[in-house]
1. Of everything in segment 23-34, what is modelled with pLDDT under 85 and in contact with a helix residue (DSSP H, G or I) (Cβ under 8 Å, 6 or more places away or on another chain)? Give them in sequence order.
2. Identify all residues within segment 133-148 that are assigned to a helix (DSSP H, G or I), without any contact (Cβ under 8 Å) to a residue 40 or more places away in the chain and surrounded by 11 or more Cβ atoms within 10 Å (Cβ to Cβ); write none if there are none.
3. What are the residues in segment 155-170 that are in contact (Cβ under 8 Å) with a residue 24 or more places away in the chain and either loosely packed, with under 10 Cβ neighbours inside 10 Å or assigned to a helix (DSSP H, G or I) (or both), if any?
4. Looking at segment 35-59 only, could you name the residues that are under 14 Å from residue 71 (Cβ atoms) and at pLDDT 80 or above?
5. So how many residues does segment 85-109 have that are at negative phi and touching a helix residue (DSSP H, G or I) at 6+ places or on another chain (Cβ under 9 Å)?
């Protein structure tokens with residue numbers, strides 16, 4: 001690939017490191033965050049790079065603030081990737097048992113790890129939906145705000161499951177907690 005002048009947020013494919021996103025631009029190199037190899041400095045003339053989706057095509061050195069914005073954009077672009085969220089230690093290996101009000105129905109046992117994974121997947125998909133709504137060009141700002149309020153209420157409905165999370169910063173936050 002000839003010398004690129006791509007900006008932060010550009011998605012690339014590297015034959016050795018796989019898919020990545022430019023998170024910084026220096027004079028002769030790109031700082032690229034690769035999914036499986038972390039952040040690497042790659043020469044702009046590296047022949048192992050293939051551009052997937054160009055963004056901010058310029059040549060400039062980025063500040064921390066710009067990198068932060070770019071990381072948020074990267075998270076949106078790679079929205080299908082899931083964050084690793086740890087289950088609270090006291091629940092690890094546990095079982096959730098559902099008893100029917102009808103005594104003739106056998107109780108249903110579900111491993112808490114599996115249930116927790118489904119809760120996290122639902123949360124991740126809500127976040128992607130939220131990003132797609134916020135970035136949708138066909139919706140008015142009023143429509144976006146109205147849809148965002150529904151998503152916030154859904155997060156509020158999920159706060160019951162916060163007891164399963166090890167880290168408080170990964171909890172669901174509804175309307176009451178959003179302003180705190």
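1. Those that are modelled with pLDDT under 85 and in contact with a helix residue (DSSP H, G or I) (Cβ under 8 Å, 6 or more places away or on another chain): 23, 24.
2. Going residue by residue through segment 133-148, those that are assigned to a helix (DSSP H, G or I) are 133-135, 141-148.
Of the ones still in play, those that are also without any contact (Cβ under 8 Å) to a residue 40 or more places away in the chain are 133-134, 141-148.
Once the filter is applied, which keeps residues that are assigned to a helix (DSSP H, G or I), without any contact (Cβ under 8 Å) to a residue 40 or more places away in the chain and surrounded by 11 or more Cβ atoms within 10 Å (Cβ to Cβ), segment 133-148 yields 133, 134, 143, 144, 145, 146, 147, 148.
3. Here is the first cut: in segment 155-170, the residues in contact (Cβ under 8 Å) with a residue 24 or more places away in the chain are 155, 158, 161, 163-167, 170.
Answer for segment 155-170, where residues must be in contact (Cβ under 8 Å) with a residue 24 or more places away in the chain and either loosely packed, with under 10 Cβ neighbours inside 10 Å or assigned to a helix (DSSP H, G or I) (or both): 155, 158, 161, 163, 164, 167, 170.
4. Within segment 35-59, the subset under 14 Å from residue 71 (Cβ atoms) is 35, 38-39, 55-56.
Once the filter is applied, which keeps residues that are under 14 Å from residue 71 (Cβ atoms) and at pLDDT 80 or above, segment 35-59 yields 35, 38, 39.
5. To start, the set of residues in segment 85-109 that are at negative phi comprises 85-92, 94-109.
Next cut, touching a helix residue (DSSP H, G or I) at 6+ places or on another chain (Cβ under 9 Å) only: 85-88, 91-92, 94-96.
Adding up the residues that qualify gives 9.
The values are calculated or read from the model by the stated rules, or taken from the named source; none is laboratory data. Remember, it's a predicted structure, so these values are computed and weren't measured experimentally. Every residue, glycine among them, receives a Cβ derived from its backbone with ideal geometry; neighbour counts consider all protein chains shown.
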